[in-house]
1. Over 23 Å between Cα atoms, which of A:LYS29/B:LYS257; B:LYS44/B:LYS227; B:LYS131/B:LYS254; A:LYS42/B:LYS342; B:LYS347/B:LYS379; B:LYS104/B:LYS158 qualify?
2. With springs only between Cα atoms under 10 Å apart, run a GNM on chain B and tell me which of B:PHE300, B:PHE241, B:PHE143 wobbles the most.
3. Report the extension gain between B:ILE29 and B:GLN5 in nm, rounded to one decimal, defined as 0.36 nm multiplied by the number of residues separating them, less their alpha carbon distance.
4. Using a basic spin-label model with each label point 7 Å from the Cα along Cα→Cβ, how many nm lie between A:GLU21 and B:ASN125?
5. Can you give the helix-only mean residue ellipticity at 222 nm for chain B, where every DSSP H stretch with n ≥ 4 adds -39500 (n - 2.57) and the sum goes over all residues, rounded to the nearest 500 deg cm²/dmol?
6. For a footprinting-style exposure proxy, rank B:LYS41, B:LYS104, B:LYS97 by other Cβ within 10 Å, fewest first.
7. To the nearest 10 degrees, how steeply does helix A:27-37 sit against the main Cα axis of chain A, on a 0 to 90 scale?
8. Helix B:54-64 versus the longest principal axis of chain B: what is the Cα-based angle in degrees, 0 to 90, to the nearest 10?
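Each value in this text was obtained by applying a stated rule to the coordinates, not by laboratory testing. No experiment lies behind these values; they were computed from the predicted model shown. As a convention, Cβ positions derive from the backbone with ideal geometry for all residues, glycine included, and neighbour counts pool all protein chains shown.
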Amino acid sequence: MAKIIIPTPLRKFTDRSNSFETSSNTVVKSLENLVEEYPDLKKHLFDDEDNVRSFIKIYVGDDEIDPLNNGETSVDEDTIISIVPAIAGGSIN
Amino acid sequence: MYNGQQIKSNGNISFDKKELAHYNRHLIIPEFGMEGQQKLKSAKVLVVGTGGLGSPLLQYLAAAGVGTIGILDFDIVEESNLHRQVLFGISDVGKPKVEAAKHKLSEINPHIDIHVHNVRLTSENALDIIKDYDVVADGTDNFPTRYLVNDACVFLDKPNIYASIFQFEGQVSVFNYVDSNGERGPNYRDLFPTPPPPGLVPSCAEAGVLGVLPGIIGSIQANEVIKVITDVGDPLAGRLFLFDALSFITRTVKVKKRSDNPLTGDHPTQTELIDYQEFCGIPDDENGNNDINEITVQEFKDKLDNGVDIQIIDVREPYEYEISNLGGELIPLNTILEQHEKISRDKPVVVHCKAGVRSARAIRQLNESYGFDNLYNLKGGIIEYAKQVDETVPQY
């Protein structure tokens, strides 16, 4: 079971969960599994062509994964996948 | 190898008796010593943003003895700042932040020079302001300024100490840092090539921040500034530190340079500063919201006083509505299209949020998707209403 860490800005779409466990065996499949579970998350994570949005980074451990090139990277039960979005600060308007 | 970013250890820099006492606990660290303290005194650091991050950052940089500190902010101190901006107290409310900050820092350390820039950083003034400093610390709260600071630092060859916060989460990195081998590290555009378009996560509607978080993250940022200046330790160049205050999960991930970076990639396409509001998809304030109808708070009040039948739609979040409201119907921005049938078509509809940005976005979405023509954006939102019309409406 790989573990996906959900960042604060996206927890609104995961019922406030900060992590998600998946039995998928690649990075991309794990992310697909995540948005199947939480459909509202999909448009925030993927663009219309199902590519991860450019203001979101995906990491396995401390290494960046480019889902287009190495999204098939295999994951196992010890793998930590991090979703890291651009954040800018706390101002509201 | 020559490194243009390096702060020189200047043997001519001396300290009087009071300074030596002030910096004693630095001087007795073997790796730091007199040379480290001299580098700090020689250094000129610009802190962009005097908010949550700027508060601990400025206090620690001043206390540590950074010789010249630039403070840049255009804002005034408001009560809603005080839960996290510990540089300020209640008596500072209403004062320019840079002036209040200078006063406080002068008390923390009278041996340093403090320069204030009471302006908004723009593409027009950024290069001129930043060029006089050795290191820039980015503690801003919006994407356009982050990209502006990044790009200006790249063009001027300055290290950019970056920190960012959102609710319970913080990020820190050191961008555009040239190490002792002359190797230049990645910058913000390597990490995030483009900002989130307005309306996508993280949107302003969900913002806010735990008060103590900028204290933690800004202190780490100050530590990186001092490391870069003194050349002590390994700066967070090519790495991004992530902190989650709720779960206490901390991670440090790698940041790689991108070959398609428009400034520093294989084929640079951008050689000067650009319009960062446009880059971030934000309508230019000065051009106003020409494409939608607007109403001022005074006009709005007059209509209410004259008994004009209007519908009021509030597109903020429920927790904001709880703090204060104008009696409007609550339809948060991210549900506005789903709930369009609740919005009247046969009378004027005033749409508002906190300051007018989200409501403008809501009106654009409704006009484009459902062809409304009777929607009016309340200029300046409930905050402007509270300031100009009804002081009893709580501001936040």
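1. Numbers: A:LYS29/B:LYS257 26 Å; B:LYS44/B:LYS227 14 Å; B:LYS131/B:LYS254 29 Å; A:LYS42/B:LYS342 26 Å; B:LYS347/B:LYS379 19 Å; B:LYS104/B:LYS158 27 Å.
Correct reply: A:LYS29/B:LYS257; B:LYS131/B:LYS254; A:LYS42/B:LYS342; B:LYS104/B:LYS158.
2. Its mean-square fluctuation being the largest, the pick is B:PHE300.
3. Length gained, B:ILE29 through B:GLN5: 6.2 nm.
4. 5.4 nm
5. Theoretical 222 nm ellipticity from helices: -9000 deg cm²/dmol.
6. Working: B:LYS41 22, B:LYS104 19, B:LYS97 27.
Exposure proxy ranking, most exposed first: B:LYS104, B:LYS41, B:LYS97.
7. 60 degrees
8. The answer is roughly 10 degrees.
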